[in-house]
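One structure below.
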Amino acid sequence: MTKILVTGATGFIASQLLFDLLDKGYEVRGTARNTGKAERLKKTLSDYAGRPIDIELVSADLSDDSGWAEAMDGVTFVHHVASPFPPTEPKSADELVRPARDGALRVLKAAEAAGVKRVVMTSSIAAISAGWAGREPPMFDETYWTDMTRPDKVSYYSQSKTLAERAAWEYVGMDGVGLELAVINPGAVLGPAMSKDVSTSLSMVTAPMNREMPAYPKLHQSVVDVRDVSKAHIAAMQKTDAAGERFIVCADTLWFKEVGDILAKAYPNRKIPTRELPTWLARILSNFNPQIKPILPNLGNERLYDNRKAREQLGIEFTPAKDSILASAKSAEDLELV
């Protein structure tokens, strides 16, 4: 039986990926910094599946070499999903860049040493479309990279995803020749959550529902369902011609206010905000709210993404953004996050 490793196994995307891989009959091993979460992960997957699910969870940290050789033992494919995604901008880019870039290289080197066939890595559209403020093309495709010539226009998170992905491609093109790499570049990942250990991107839904924002920043954001991200990962693992390719994975692109409008219509009793925050006011508020600072370079800029490659080459039929938003909202209620 083919054995597969999933890094960051307790995370939002990874949990869905683990479930889908197990459902397809693969033998799966996960990594986590804290293996004490193993029983909680098993319970989460079992509750979601409606049947007992067992999974091997091993200790491996992106900042440390120890544990990775053991994690890779007997593995044919690796899904590298783990990467830091904080809710607020850290004090320096290095706090995100180092663990993302060095962690990706650590996984790739361990995979190559263990004779792994292919690594499928979760990157982000943040590695494609950041830094283009005011110069966006009509539509971004996989040939575009975030413009790092003006780092002050690129959030630390976008820098970390860009530099980590570039380092991964450079490694397989040089020292890691023979190891195959495919990269998934999702937008903001929404959809049903299995546990309270959710992605930062779900704050797009939970913040309005909790009335944590009186109005929405004028931000254009791509959206993709977590189930589609998982499908893309598996297809990129299975399909021979996916090696050496990046795949934009997003269904639709919406203004934040449109997300609010969808939620307000679905939950009229919650009095969800529907107003849009003027850009000039957002810039002033960023001096007092650190959550706003990372998005300042993108305020007011429309960004569209070409998902044809994922549809045609990976066979992904994308879930409409509205359905993903409402699935996030329902699970947030069920998990008492709102």
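Could you compute the FRET efficiency for ASP102 and GLU312, with r as their C-beta to C-beta distance and R0 at 25 Å, rounded to 0.05?
After rounding to 0.05, the efficiency reads 0.15.
Can you show me the helix-derived [θ] at 222 nm for the chain, built from DSSP H runs with n ≥ 4 at -39,500 (n - 2.57) apiece and divided by the number of residues, rounded to the nearest 500.
-11500 deg cm²/dmol
Give a residue-ordered list of calculated ³J(HN,Hα) values for the stretch 57-71 (Karplus: 6.51 cos²θ - 1.76 cosθ + 1.60, θ = phi - 60°; whole Hz; x for Gly, Pro).
With coefficients 6.51, -1.76 and 1.60, one gets 10, 10, 8, 7, 10, 4, 9, 9, 6, 5, x, 6, 4, 5, 5 Hz.
Give me the number: length gained by fully extending SER66 to MET139, i.e. 0.36 nm times residue separation minus the C-alpha to C-alpha distance, one decimal in nm.
22.1 nm is the gain from fully extending SER66 to MET139.
Would you mind working out the magnitude of the charge dipole of the stretch 17-64 relative to its Cα centre, with +1 at each Lys and Arg C-beta and -1 at each Asp and Glu C-beta, to the nearest 20 Debye?
160 debye
Pairs to check: LYS161/LYS218; LYS117/LYS153; LYS24/LYS117; LYS43/LYS271; LYS37/LYS309; LYS42/LYS257. Give those whose C-alpha atoms are more than 30 Å from each other in this structure.
Flagged as over cut-off: LYS117/LYS153; LYS43/LYS271; LYS37/LYS309; LYS42/LYS257.
Please report the accessible area of GLU333 (heavy atoms, 1.4 Å probe, ligands and nucleic acids excluded) in Å², nearest 10.
70 Å²
List, largest first, the extents of the alpha carbons of the stretch 47-131 along their principal axes, each in whole Å.
Extents along the principal axes: 42, 37, 23 Å.
What relative contact order, as a whole-number percentage, does the chain give when Cα pairs under 8 Å and 6 or more residues apart are counted?
Rounded, it is 19 percent for the chain.
Taking the stretch 139-228, which trypsin sites (Lys or Arg not before Pro) meet the DSSP loop condition and have no more than 11 other C-beta atoms within 10 Å?
Sites meeting the loop and neighbour criteria: LYS196.
Return the long-range amide H neighbours of ALA251 (sequence gap of 5 or more, or a different chain), with a cut-off of under 5 Å between placed amide H atoms.
Answer set, sorted by chain and number: VAL223, VAL224, ASP225.
Hey, with R₀ at 51 Å, roughly what FRET efficiency would MET148 and ASP47 work out to, going by the Cβ-Cβ distance, to 0.05?
Between MET148 and ASP47 the formula returns 0.75.
Return the percentage of antiparallel bridges among DSSP beta bridges fully within the chain, rounded to the nearest 5 %.
Taking every DSSP beta bridge with both residues in the chain, the antiparallel ones total about 10 percent.
Excluding ligands and nucleic acids, what accessible area in Å² is computed for MET213 using a 1.4 Å probe, to the nearest 10?
Around 40 Å² of this residue is reachable by solvent.
Kindly state, as a whole number, the per residue volume in cubic angstrom of the convex hull around the alpha carbon atoms of the stretch 83-221.
Roughly 146 Å³ of hull volume per residue.
So for the chain, Kirkwood radius off the Cα pairs, Stokes-Einstein at 37 °C and 0.692 mPa s: how many µm² s⁻¹?
162 µm²/s
How far apart, in nanometres, would the label points at THR279 and ASP241 be if each is projected 7 angstrom from Cα along the Cα-to-Cβ direction?
4.1 nm
Could you work out how far apart the two model spin labels at THR2 and ASP73 are, taking each label as a point 7 Å from the Cα in the direction of the beta carbon, and quote it in nm?
With each label placed 7 Å out from Cα toward Cβ, I get 2.3 nm.
Identify the residues of the stretch 196-232 with backbone N under 12 Å of a label point that sits 7 angstrom from the Cα of ASP334 along the Cα-to-Cβ direction, or state none.
196
Given H placed on each backbone N at 1.01 Å, which residues far from GLY244 in sequence or on other chains put an amide H within less than 5 Å of it?
LEU181, ALA182
Pick out, in residue order, every one of the GluC sites (Glu not before Pro) in the stretch 141-234 that is DSSP loop and has at most 12 other C-beta atoms within 10 Å; say none if there are none.
GLU212
On a 0 to 90 degree scale, rounded to 10, what angle separates helix 226-238 from the longest Cα axis of the chain?
That works out to roughly 30 degrees.
The values are calculated or read from the model by the stated rules, or taken from the named source; none is laboratory data. Just so we're clear, the structure is a prediction, and the values are computed from it rather than from any experiment. Heads up, the Cβs are rebuilt from the backbone with ideal geometry, glycines too, and the neighbour counts pull from every protein chain shown. Accessible surface areas use protein heavy atoms only, side chains included; no ligands, DNA or RNA. Shrake-Rupley method; radii C 1.70, N 1.55, O 1.52, S 1.80 Å.
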